[in-house]
Amino acid sequence: MSELVIPLPKSTTIPVANGGSFPVRRVYCIGRNYAAHSIEMGDNPDRDPPFFFQKNPDNLDASGEFPYPENSNDVHYEVEMAVALKSGGDSISVENALDHVFGYAPCLDMTRRDLQNAAKSKGRPWEVGKAFERSGPIGPLQSVADVGHPKQGRVELLVNGDVQQEGDLDQMIWKVPEMISYLSQYFELAAGDVIMSGTPAGVGPIIKGDLMVVNITGLNSLTVTVI
Ligand code: MN
């Protein structure tokens, strides 16, 4: 290989609960994957094909701190479960999809809602609302060997001790194997890809100083301070 003309950009890794770290390649996020959240965002929940957007790999952040970003006065939390892939491919069947999963982690899809809504109203892409610096706080990954494949169980977000979001993994409109299979029809998935699996109802704003705690049954908790 010829000599690099700038230093190799830093790659992003997520810590793994029992040791090691997981290098991130891409981050896919599903929209409107819990019926109650779909209704609160003004949609009819149904089995229309799912839609996805992306965050940047280096938006993921396991530091436990979320800096309130610039250019927004309405930053929202969205509690989600992240699915991390150890392999990929295209045209993955629903039946084989879980074979590609390395593990799971609690995460937050932090959103500059005012910028997202402005983009939506003009039919523009969502990046300014979704793919900003440190917009993906994430907890240590737990491997399938340790936690299996969580399919049901409570998902909740507490802000300063009060429950703001709650749901159950079994309320996902598109289940994890279906998401993997669907994505693989449009993109070539690969080891290092992370999928954020959508948020239950109750999204809302945070302010500096807030303490967010994500609890997903079967996984370790994630605690994030807004700074
Ligand atoms: Mn989301």
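Residues that are at pLDDT 75 or above and touching a helix residue (DSSP H, G or I) at 6+ places or on another chain (Cβ under 7 Å) were ranked within the range 32-48; the one that is surrounded by the most Cβ atoms within 10 Å (Cβ to Cβ) is TYR34.
May I ask you to verify whether VAL224 is β-branched (Val, Ile, Thr), in a strand (DSSP E or B), more than 24 Å from PHE51 (Cα to Cα) and open to solvent by less than 10 Å² (accessible area, probe 1.4 Å)? Before you say what the answer is, go through the steps one by one.
On the way: β-branched (Val, Ile, Thr): yes; in a strand (DSSP E or B): yes; more than 24 Å from PHE51 (Cα to Cα): yes; open to solvent by less than 10 Å² (accessible area, probe 1.4 Å): yes.
Yes, satisfied.
Looking only at residues that are more than 28 Å from TYR186 (Cα to Cα) and of a type in the set (S, T, N, Q) in the range 1-59, which one is nearest to the ligand (Cβ to nearest atom)? Checked the range 1-59; the qualifying residue nearest to the ligand (Cβ to nearest atom) is ASN18. When each of PHE22, PHE53 is tested for being farther than 17 Å from TRP126 by Cα, hydrophobic (A, V, I, L, M, F, W, C) and assigned to a strand (DSSP E or B), the lone residue that passes is PHE22.
Search the range 162-198 for residues being in a strand (DSSP E or B) and among the hydrophobic types (A, V, I, L, M, F, W, C), and hand back the single one that is most open to solvent (accessible area, probe 1.4 Å).
To start, the set of residues in the range 162-198 that are in a strand (DSSP E or B) comprises 162-168, 172, 189, 194-196.
Narrowing further to those that are among the hydrophobic types (A, V, I, L, M, F, W, C): 163, 172, 189, 194-196.
Values: VAL163: 67, MET172: 10, LEU189: 4, VAL194: 1, ILE195: 3, MET196: 0 Å².
That would be VAL163.
Listed here are the residues, each with its yes/no results for (1) assigned to a loop (DSSP other than H, G, I, E, B); (2) touching a residue at least 40 places away in the same chain (Cβ under 8 Å); (3) open to solvent by less than 50 Å² (accessible area, probe 1.4 Å); (4) among the hydroxyl-bearing types (Ser, Thr, Tyr).
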position: ASN71; (1), (2), (3), (4): yes, yes, no, no
position: MET81; (1), (2), (3), (4): no, yes, yes, no
position: SER93; (1), (2), (3), (4): yes, yes, yes, yes
position: PHE102; (1), (2), (3), (4): no, yes, no, no
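Evaluation of ALA82 against the conditions (1) modelled with pLDDT under 95; (2) closer than 17 Å to SER143 by Cβ shows that the sole unmet condition is (1). Scoring ASP114 on the criteria (1) farther than 14 Å from LYS130 by Cα; (2) outside any loop (DSSP other than H, G, I, E, B); (3) in contact (Cβ under 8 Å) with a residue 24 or more places away in the chain; (4) among the charged types (D, E, K, R) leaves a single failure, condition (1).
Out of the residues in the range 203-213 that are assigned to a loop (DSSP other than H, G, I, E, B) and within 20 Å of ILE138 (Cβ to Cβ), which is nearest to the ligand (Cβ to nearest atom)? Give the derivation first.
Going residue by residue through the range 203-213, those that are assigned to a loop (DSSP other than H, G, I, E, B) are 203, 206-210.
Filter once more, so that each one left must be within 20 Å of ILE138 (Cβ to Cβ): 203, 206, 210.
Details: VAL203: 8, ILE206: 15, ASP210: 18 Å.
This residue is VAL203.
As for the range 79-102, it holds at least one residue that is within 16 Å of the ligand (Cβ to nearest atom), of a type in the set (Asp, Glu) and in contact with an Asp or Glu (Cβ under 7 Å, 6 or more places away or on another chain).
Based on what the data block shows, is VAL203 surrounded by 21 or more Cβ atoms within 10 Å (Cβ to Cβ) and farther than 14 Å from PRO150 by Cα? No, not satisfied.
Cβ-Cβ distances below 7 Å connect the following pairs, each with a first residue in the range 181-204 that is more than 27 Å from GLY42 (Cα to Cα), a second residue that is of a type in the set (Asp, Glu) and in a loop (DSSP other than H, G, I, E, B), and a separation of six or more residues or different chains: SER184/ASP90; GLU188/ASP90. Restricting the range 103-141 to residues that are polar (S, T, N, Q) and out of contact with any helix residue (DSSP H, G or I) (no Cβ under 7 Å at 6 or more places or on another chain) leaves a set whose member that is nearest to the ligand (Cβ to nearest atom) is ASN117.
Could you please let me know if ARG26 is surrounded by 16 or more Cβ atoms within 10 Å (Cβ to Cβ) and on the phi > 0 side of the Ramachandran plot? Criteria not met by ARG26.
Restricting the search to the range 3-23, which residues are open to solvent by 70 Å² or more (accessible area, probe 1.4 Å), closer than 16 Å to LEU60 by Cα and touching a residue at least 24 places away in the same chain (Cβ under 8 Å)? Answer for the range 3-23, where residues must be open to solvent by 70 Å² or more (accessible area, probe 1.4 Å), closer than 16 Å to LEU60 by Cα and touching a residue at least 24 places away in the same chain (Cβ under 8 Å): LYS10, SER11, PRO23.
The values are calculated or read from the model by the stated rules, or taken from the named source; none is laboratory data. Source: prediction; values computed, not measured. Neighbour counts run over all protein chains shown; Cβ positions are idealised from the backbone, glycine included. Heads up: the accessible areas ignore ligands, DNA and RNA and are worked out on the full protein's heavy atoms, side chains in. Shrake-Rupley method; radii C 1.70, N 1.55, O 1.52, S 1.80 Å.
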